[in-house]
């Protein structure tokens, strides 16, 4: 007997592999050995059920098992079971289209424990865009790009109005609606060492605020302004308390007025020379009460 014939006989008997075998052949051998191929075939009908019957029916049913050509499906009540039984030929046709090699002969519905998942709430439609705000955003865009820029700006204003309707509040730094206060981007900017250093400069020279966008960009300038205003609010409250304790002594009221002018210049983005006595209504409570008795020293007279 030749060697080739001898090897072929051994291959036919399954005693020896003369070369590599395909993945499908190996999987078939493994499933056959483990005796789970039959179970996998039965599970195909259960797995195919949601796709065959659609999401609405799949929500209120649970395919339980398959015995031979019969698929057993549980529902939550007898009325549903009766209704679906009357429609079972439609489901059977859809399932058999997906199981062409192992078709079903019957579907039986029975009452069982089916947990129906809650429907996801329908999202609220986006509000109308803030067209006035959108036009402000594209004022400096060239005429050739303005139509596209205006559409993008309107989409931004719609998104902002939607977030505000969901309870988001304007970020105290950039003014954009955010769940976090301040928003994540501004929180990172507030930690920048350069931003923090320049915020201390604004405490002495608020007029430098106009120069910061060229150095830090708008986000950095807003962050430095926010830090300076926070610090000034603390100082104004402490100075107001000292004014109450000391009366007119110690020069606290004059220093309070000077710091109040710095605060309002930053808050209003206006030079100190352009401030009015009526602007003190925007000061924090304690400083406003102390300086509200008369025209604060250090403020320009009414025009």
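The values are calculated or read from the model by the stated rules, or taken from the named source; none is laboratory data. Here the structure is a predicted model, which is why all the values come from computation and not from measurement. Cβ coordinates were reconstructed from backbone atoms using ideal geometry, including for glycine residues, and neighbour counts include every protein chain displayed.
Descriptive notes on the structure:
- Condition met for residue 116 (loosely packed, with under 14 Cβ neighbours inside 10 Å, closer than 26 Å to residue 60 by Cβ and at pLDDT 80 or above): no
- Matching residues in the stretch 186-210 - criterion: being closer than 24 Å to residue 134 by Cα and either modelled with pLDDT under 90 or buried (at least 16 other Cβ atoms within 10 Å of the Cβ) (or both): 186
- Out of 151, 197, 135, sole residue that is outside any loop (DSSP other than H, G, I, E, B) and touching a residue at least 12 places away in the same chain (Cβ under 8 Å): 135
- Qualifying position, being at pLDDT below 90 and not in a helix (DSSP H, G or I), among 288, 303, 253: 303
Each row is one residue, and each column tells you yes or no for (1) within 39 Å of the chain's Cα centre (by Cα); (2) surrounded by 13 or more Cβ atoms within 10 Å (Cβ to Cβ).
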| position | (1), (2) |
| --- | --- |
| 61 | yes, yes |
| 68 | no, no |
| 86 | no, no |
| 94 | yes, yes |
| 104 | no, yes |
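- Selected residue [touching a helix residue (DSSP H, G or I) at 6+ places or on another chain (Cβ under 8 Å) and either part of a helix (DSSP H, G or I) or in contact (Cβ under 8 Å) with a residue 24 or more places away in the chain (or both)] from 227, 210, 188: 227
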